[in-house]
Amino acid sequence: MQLKAIPQHPEYQAILSKLLQEAHAALPTAEAIEANPSELDAVRQAAQQLGIHTEVRANDNVLTGVRLVGAGGKTSVQNTLLGRLQAGREALSAQVSRLLNE
């Protein structure tokens, strides 16, 4: 399965809700939630279920998750599934490299 197809998976709504909840905990004063245009409805639904009353707007650069934007756009928090997988891959690669060099 391609990672970009994950938003069509039945369990994705629960994952998206968790990503939004974590991002909102990090930036509770966000003035906007950005998401990929194909995920706007799912993000709006997650925000409503979580009681987050923040504008949801499209951002083509956000895939498989959300980006919360603070007042005036000076701060932001991005929490995406692809971003987390990439971060995990880098940490794992460093560990494997260290083990192979020992």
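A short reminder: the numbers here are calculations on the coordinates, not readings from a lab. Keep in mind it's a predicted model, so treat the numbers as computed, not measured.
Among bridges DSSP assigns within the range 10-87, what percent are antiparallel (round to 5)?
Antiparallel bridges: around 65 percent, rounded to the nearest 5.
Under a 5 Å amide H to amide H cut-off, with H placed in plane at 1.01 Å, what residues pair with Asn59 once short-range neighbours are removed?
For Asn59, the qualifying residues are Ala35, Asn36.
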